[in-house]
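Shown next, in structure tokens, is the structure this report addresses.
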Amino acid sequence: MMYNEEQENYYQRMLSNSISSMYPSEEAKKRARRKSPLYFDDLKEKLLVKYGGKKVTDIKNSEIISTDYGETLKITTKEKINFNIVDNDFKNQMNHNLKLLPKIGIKKEQNLKNQGYDTIESLKKHDTYCNVASKFLDSIEDMSFQDVMNLLDRNKYSRKCRDNLIKCVSLTDCENFKFMDIETKGLSNVPVILIGVAEIKNDNIITSQYFLRDYGEEPVILEAYLSHLDEDSVHVTFNGKSFDVPFINNRCIYNRINANLDLAHIDLMYFAKNLWKDELPNCKLQTIEREFFGIEREDDVPGQYIPGYYDTYLSKNNIGPIVPIIEHNRQDIVSLASFLEKMYKDVN
């Protein structure tokens, strides 16, 4: 098989991106160094020197706040964002999705449409489905956003139906989205050390981060986060259904805090794999940032190093190691807003 020059150049570029190739690129070497534990040991030492003598309140945009459980550190940032969920008349789209009714699958829907029943409204004249169609149409106007999501989640007949779980976000106010991420001391039965939540307010995205200055403050940061939630809130996370929300719930139980976290939840990790698995080398959060949004993080601390960095902060009484953790968390939650908007545009 003959390769043209363009193909040959492409394969050369691909090979140079691998550190195991004969002639790895400088970028490949740089990425390899940044995966080394020695790199993160050196980075931590540099941070200790840079921030020696600084207090937590010296962290940019930070303040001490009070809750019913005590005081903690809050870091707030605000930046402009062009976040636009264009109305897609989703309730009308639901009317055309006959599979939302019980016992109607893909084949049955097609048969009904071949008979002229194109909408659930039209099924009110069908001998078999008239009652269930009428009942569905009577209830749909009173459904909460969470009710709609639960209904769609039970009807996973095709990729198009899964896309509907993103399309339906037009049914809720953008201010209800709670883009959320946590940093912890480990994978289970350990404290949350940082909770970040980003919210859309007009043309701005506002991030609120609550940092655990010492272990005794965990109830405070949990309560501070819960103050952002109400019955209309929608969690937007990346692997948060499996990790972040259950983790917070368990820590609330441990700290004897009453919390209602049974809210509508959009976990973007599942949709990223569904929508973009053929376009990206993998569907990790930072890969999506780099490939779609051109975001290259500098001195970012991966999750596996965060517990050790936090221990150093406590033992050395030096804020240096926690500064990149706070930035890591902030970038995560801001990126989620960009991911959701792009997903919405892609499926519409």
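The values are calculated or read from the model by the stated rules, or taken from the named source; none is laboratory data. It should be emphasised that the depicted structure is a prediction, and the values quoted were computed from it without experimental measurement. Note that we place each Cβ from the backbone using ideal geometry, even for glycine, and neighbour counts take in every protein chain shown.
Go through segment 229-238 residue by residue and tally those that are surrounded by fewer than 14 Cβ atoms within 10 Å (Cβ to Cβ) and either in contact (Cβ under 8 Å) with a residue 24 or more places away in the chain or over 21 Å from D147 (Cβ atoms) (or both).
Residues in segment 229-238 being surrounded by fewer than 14 Cβ atoms within 10 Å (Cβ to Cβ) and either in contact (Cβ under 8 Å) with a residue 24 or more places away in the chain or over 21 Å from D147 (Cβ atoms) (or both): 1 in total.
Quick check, is F136 outside the structural domain of N61 (by TED's automatic domain parsing) and in contact with a strand residue (DSSP E or B) (Cβ under 7 Å, 6 or more places away or on another chain)?
Judged against the criteria, F136 is not a match.
Tell me which residues, restricted to segment 124-140, are farther than 14 Å from E109 by Cβ and not hydrophobic (A, V, I, L, M, F, W, C).
Once the filter is applied, which keeps residues that are farther than 14 Å from E109 by Cβ and not hydrophobic (A, V, I, L, M, F, W, C), segment 124-140 yields K124, K125, D127, N131, S134, K135, D138, S139.
Could you please tell me which pairs satisfy a Cβ distance under 9 Å, a separation of 6+ or placement on different chains, a first residue in segment 184-204 that is surrounded by fewer than 16 Cβ atoms within 10 Å (Cβ to Cβ), and a second residue that is part of a loop (DSSP other than H, G, I, E, B) and of a type in the set (F, W, Y)?
L187/F243; D203/F83
Taking only segment 34-58 into account, find how many residues are over 16 Å from T312 (Cβ atoms) and in contact with a strand residue (DSSP E or B) (Cβ under 7 Å, 6 or more places away or on another chain).
Number of matching residues: 1.
Go through segment 100-117 and give me each residue that's in a helix (DSSP H, G or I) and surrounded by fewer than 18 Cβ atoms within 10 Å (Cβ to Cβ).
Result: I106, K107, K108, Q110, N111, K113, N114.
Need the failing condition index for H228 against (1) over 30 Å from D41 (Cα atoms); (2) part of a helix (DSSP H, G or I), just the number.
Of everything listed in (1) over 30 Å from D41 (Cα atoms); (2) part of a helix (DSSP H, G or I), H228 misses just condition (2).
Select the helices (runs of 4 or more DSSP H) contained entirely in segment 241-348, then report the ones holding at least 3 residues which are in contact (Cβ under 8 Å) with a residue 12 or more places away in the chain and under 17 Å from L43 (Cα atoms).
Hits in segment 241-348: 306-316, 323-347.
Return the residues of segment 118-140 that are in a loop (DSSP other than H, G, I, E, B) and not polar (S, T, N, Q); say none if nothing qualifies.
Residues satisfying the conditions are D118, I120, E121, H126, D127, Y129.
Are there strands (runs of 3 or more DSSP E) fully within segment 145-217 with at least 3 residues that are within 30 Å of N92 (Cβ to Cβ)? List them.
Strands (runs of 3 or more DSSP E) meeting the threshold: 177-184, 192-201.
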